[in-house]
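Before any comments, here is the structure.
The values are calculated or read from the model by the stated rules, or taken from the named source; none is laboratory data. Quick caveat: nothing in here was measured; it's all calculated off a predicted structure. Ideal geometry is used to build each Cβ from the backbone, glycine not excepted, and the neighbour counts take in all protein chains shown.
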Amino acid sequence: MKWLENIIKKNADVPVNLTERVSFNNNCIKNRVWYRGYPSELEEFFKSGIHSDSVSKARFWASVPSSGRMRKLHSGIYAVVIDAITDLILGDYQGLQIRDASEDGQNN
């Protein structure tokens, strides 16, 4: 792990510019569309103007077959995985308790 710290320290002055391809709100919409898994919604979302770069247009849901029709099917595995992770996390969740500052004997 020491080698990683050295790399990070040595390159700390190098500026990094990241271009966000999808806004936070559009990413939330994308996640909701994936969760629901309706092929027509997935195709519509990925063909929309949100994804204007050539890489996004070449992806499965945005692609257009060169000849004839192609049936696109979503298995729904995305929702199954999310539900399983949610069940695992919430199964052991004991709740969240927030105490008032007056309960701690602190006066602000």
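Assorted remarks:
- Of all residues in region 22-38, those satisfying the criterion of being of a type outside the set (Val, Ile, Thr) and either within 16 Å of Lys57 (Cα to Cα) or not in a helix (DSSP H, G or I) (or both) are Ser23, Lys30, Gly37, Tyr38.
- Note on region 1-55: residues that are loosely packed, with under 10 Cβ neighbours inside 10 Å, within 14 Å of the chain's Cα centre (by Cα) and modelled with pLDDT under 85 amount to 1.
- Considering residues of region 70-108 that are of a type in the set (Gly, Ala, Ser), closer than 29 Å to Glu41 by Cα and at pLDDT below 85 only, the residue farthest from the chain's Cα centre (by Cα): Ser75
- Residues of region 49-80 that turn out to be outside any loop (DSSP other than H, G, I, E, B) and touching a residue at least 24 places away in the same chain (Cβ under 8 Å), as a count: 3
Listed here are the residues, each with its yes/no results for (1) closer than 20 Å to Ile29 by Cβ; (2) β-branched (Val, Ile, Thr).
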site	(1), (2)
Ser54	no, no
Arg59	yes, no
Met70	no, no
Val80	no, yes
Tyr93	no, no
